[in-house]
1. Mind checking segment 250-338 for trypsin sites (Lys or Arg not before Pro) that DSSP puts in a loop (not H, G, I, E or B) and that have at most 14 other Cβ atoms within 10 Å?
2. By DSSP, what percent of the beta bridges with both residues in the chain are antiparallel, rounded to the nearest 5?
3. Is the C-alpha gyration tensor of segment 111-267 telling us rounded, prolate or oblate? Criteria: a/c under 1.5 is rounded; beyond that, a/b larger than b/c is prolate, otherwise oblate.
4. Do any of Lys134/Lys356; Lys209/Lys356; Lys136/Lys340 go past 32 Å between their Cα atoms, and which?
5. Work from the charge dipole of segment 251-355 (Cβ charges, +1 for Lys and Arg, -1 for Asp and Glu, about the Cα centre) and give the residue of Ser293, Ala350, Leu315 farthest towards its positive end.
6. Quick one: Debye curve from the alpha-carbon atoms of the chain only, equal weights, vacuum; give me log10 I(q)/I(0) at q = 0.08, 0.11, 0.14 Å⁻¹ to two decimals.
7. Place a +1 charge on the Cβ of each Lys and Arg in the chain and a -1 charge on the Cβ of each Asp and Glu, then give the dipole magnitude about the Cα centre in debye, rounded to the nearest 20.
8. Return the whole-Å distance between the Cα centroid of segment 209-278 and the Cα centroid of segment 65-129.
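The values are calculated or read from the model by the stated rules, or taken from the named source; none is laboratory data. Keep in mind that what you see is a predicted model, and the values were worked out from it rather than measured. Quick reminder, even Gly has a Cβ in these numbers, built from the backbone with ideal geometry, and neighbours come from all protein chains shown. The accessibility values were calculated without ligands, DNA or RNA, using every heavy atom of the protein model including side chains. Shrake-Rupley method; radii C 1.70, N 1.55, O 1.52, S 1.80 Å.
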Amino acid sequence: MNKEKIWLSSPHMGGNEIKYINEAFDANWIAPLGPNVNGFESDIQNYLDGDNSKGIEVAALSSGTAALHLALVLLGVERGDEVICQSMTFAASANPIAYLGATPVFVDSESDTLNICPEQLEIAIKDRIARSRKPKAIIGVHLYGMPYKIDEINKVAKKYDIPVVEDSAEALGSRYKGKNCGTFAEYSILSFNGNKIITTSGGGALVTKDVAKKQKAVFLATQARDNAPHYQHSEIGYNYRLSNISAGIGRGQMEVLDAHVEARREMFEFYVNLFQEIDGVKVFKEPNEDFYSNHWLTVIEVDEKLTGGIDREDLRNFLEAENIESRPLWKPMHMQPIFKDCPFYGTGIAENMFEKGLCLPSGSNLTDEDRDRIERAILDCLKK
Ligand SMILES: Cc1ncc(COP(=O)(O)O)c(C=O)c1O
């Protein structure tokens, strides 16, 4: 194979990242704190809350997983509790529930956004309450950048007085009714992992609307050190702060975030146009104008009954033979061996999408040449 690999989503540097890293070296701020950490936090804050009307506070952390873990700690989740989680997601959405000795209760997707279904959510909550197991929190995920049905989910959450944790790991730059994803819950999280819309190589953030909550998160993320000249601890802490070097990458990446969103949305349009002439493939779009996705990854559903017998795996294997990466959608958590005994509420939507769904190369750094290769391969596979 001598064709260069086309990745699903690869890091895309803007250029200024190295300037911020050099500043950290010059000032010897080689630590999990420093001017880049503060600068990166205020860059994200300004992005999410341009007019400062929401009082957004951001704590830069070592990963999105760490941010979710701290969100659940701050909500008081403890051993024996239950936490509701969207089933179709990456394992990192659910693992922090298990870190705390709590049990995940998984809820199916709805078919418009592929995110947590408001009806199944309410069924789940009612049933858990009937068993005297009222959930401590609800984790909703904006999968592949598509906002979940925020109004509907918040309405159910409010009715039963259960806090929502917004997993916005994949959705920086997405909006719902004109407002940024990452600002809709008491605690929201972002990820800057290498495959995300912007990256710090590894990193994440916890977003809140209360400075005291941010301060508590930073306290817990820096080993919960009490205010004393010696090392004193009254709570269990974590080592979850973002390094000043990684934050330097993040500052450079924030300068190109809007361009990355635009480029990913253009990739999405490219696929919409391409599949217009192909039967049996549905491209997942925003359900209506309330939703604005960063289209971190473009998602398609392949119906083999309409493609002449070519199924999702046929297409994926065909692309792989052309050295083009594509991936099945996240395998739902209720189907994972590690979570098979956890409660699940649903009707099979996530299972069906796991069988038929495929994520296509969506990076902001893909070239016209890459798009030509992708187009040729897809047409060769599906128009044979
Ligand atoms: C939906 C979702 N939640 C959580 C995470 C965890 O983020 P991180 O990899 O930064 O820990 C990721 C990404 O990796 C994700 O895609």
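1. Numbers: sites: Arg251, Arg264, Arg265, Lys282, Lys285, Lys305, Arg312, Arg316; in loops: Lys285, Lys305.
Those satisfying the criteria are Lys305.
2. On the way: 25 of 43 bridges.
If we restrict to bridges inside the chain, about 60 percent are antiparallel.
3. Working: a/c = 2.55, a/b = 1.10, b/c = 2.31.
In terms of gyration-tensor shape, oblate.
4. On the way: Lys134/Lys356 34 Å; Lys209/Lys356 39 Å; Lys136/Lys340 21 Å.
In this structure, Lys134/Lys356; Lys209/Lys356 lie more than 32 Å apart at Cα.
5. Ala350
6. Listed by q, the Debye log ratios stand at -0.42, -0.79, -1.22.
7. Values: 42 positive and 56 negative charges, 226 e Å.
With only Lys, Arg, Asp and Glu charged at Cβ, the dipole is about 1080 debye.
8. First find each Cα centre; the distance between them is then 20 Å.
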